[in-house]
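**Student:** Here you go, one structure.
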Amino acid sequence: MIGPFRLVRSGSVDTYVADVSTEYLRLIRQLAVEILIVLDSPADNEMARMVEATTGGESQREAPMERALNYLLAPMSEDEADAARLRALTEDYLRAEKSSRLRRIARALDRLIGAGKTRVEVAAEEAWDWLSGMNDVRLGLAGELGIRNNEDAHRVEELAFAQTPSGRDQSAAAIYTVITWWQDSLLSALISAQEEH
């Protein structure tokens, strides 16, 4: 069971609360850790350090080969040369920011699981971290599922709700759909809180 986020207000303090079974808490934590592994790939980081050490700094960086990582660190320009330059300037920072957020989420889930609790409570100041972290999980799954446009998203949604089981892709589609819905519920609760202020 995974429930939507809802706003709980105590005086001037906003908290976003969702009731989530231990099974789903473990799943979300596992997904966050898997994306962390992709972002923190030792081989990629070691190669970047070697290049920087020998050249005095990168002026260009190639797009990642792994599809999920390519979604997480999407090109910032349609021009390949510009995209390579921008990647060299920003990729390490973006990886660090995304990894830091996902680690905070994974630690929060660890605490809940360890204490046997099933209520996720996100303080207002942490809400954007959770939204961004869940979005990174979604992007990683989108890369695995090959979602490039609305037509692909519709195909994945149909696959998620297909009556006939079809293996790993259907499981990934179902997880992507649930994570998307859960993230949307937090965003809706956040917008609702802002409208009330």
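**Student:** Taking a 1.4 Å probe, which of Leu89, Leu186 shows the most accessible area, and what order do the others take after it?
**Tutor:** I get Leu89, Leu186, largest accessible area first.
**Student:** With the cut-off at 1.5 for a/c, could you classify the range 44-190 from its C-alpha gyration tensor as rounded, prolate or oblate?
**Tutor:** It is oblate, given that a/c is not under 1.5 and a/b is not larger than b/c.
**Student:** Here's a follow-up. Given Cα pairs under 8 Å that are at least 6 residues apart, what percent is the relative contact order of the range 98-197?
**Tutor:** Relative contact order here is 26 percent.
**Student:** Another question about this same structure. So if each residue of separation counts as 0.36 nm, and I subtract the Cα-Cα distance between Met1 and Glu158, what length gain in nm does that give?
**Tutor:** Here the segment from Met1 to Glu158 would lengthen by 54.4 nm.
**Student:** Multiply the residue separation of Ala81 and Ile37 by 0.36 nm, subtract the distance between their alpha-carbon atoms, and state the gained length in nm to one decimal.
**Tutor:** Details: separation 44, 0.36 × 44 = 15.84 nm, distance 2.76 nm.
Using 0.36 nm per residue and subtracting the Cα-Cα distance, I get 13.1 nm.
**Student:** How much accessible surface area, in Å² rounded to 10, belongs to the heavy atoms of Ser132 with a 1.4 Å probe?
**Tutor:** About 40 Å², rounded to the nearest 10.
**Student:** Work from the charge dipole of the chain (Cβ charges, +1 for Lys and Arg, -1 for Asp and Glu, about the Cα centre) and give the residue of Ala115, Leu69, Ser188 farthest towards its positive end.
**Tutor:** Of the options given, the answer is Ala115.
**Student:** Pop a pseudo-label 7 angstrom from the Cα along the beta-carbon direction at both Glu62 and Asp184 and give the gap in nm to one decimal.
**Tutor:** For the pair Glu62/Asp184, the computed spacing is 3.8 nm.
**Student:** Which residue fluctuates most in the GNM of the chain (Cα springs below 10 Å): Arg119, Arg168, Arg111?
**Tutor:** Among Arg119, Arg168, Arg111, the largest mean-square fluctuation in the Gaussian network model of the chain belongs to Arg168.
**Student:** Here's another thing I want to ask about it. Hey, can you find the accessible area per residue of the chain for me, probe 1.4 Å, expressed in square angstrom?
**Tutor:** Result: 58 Å² of accessible area for each residue.
**Student:** Students sometimes get this wrong: rank Val137, Val13, Val178 by accessible area, probe 1.4 Å, all chains present, largest first.
**Tutor:** Val13, Val178, Val137
**Student:** I've got another one for you. Any idea how far the Cα center of the range 16-40 sits from the one of the range 147-187, in Å?
**Tutor:** Cα centres, the range 16-40 to the range 147-187: 17 Å.
**Student:** Which order do Met65, Met76, Met1, Met134 take when ranked by solvent-accessible area (1.4 Å probe, heavy atoms of all protein chains), largest first?
**Tutor:** Sorted descending by solvent-accessible area, the residues read Met65, Met1, Met76, Met134.
**Student:** On the accessible surface of the range 154-197, probed at 1.4 Å, how many percent belong to carbon and sulfur atoms?
**Tutor:** Reported share for carbon and sulfur atoms: 56 percent.
The values are calculated or read from the model by the stated rules, or taken from the named source; none is laboratory data. Computed from a predicted structure; not experimentally measured. In this analysis, Cβ positions are derived from the backbone assuming ideal geometry, glycine residues included, and neighbour counts consider all displayed protein chains. With ligands, DNA and RNA removed, areas are computed over all heavy atoms of the protein, side chains included. Shrake-Rupley method; radii C 1.70, N 1.55, O 1.52, S 1.80 Å.
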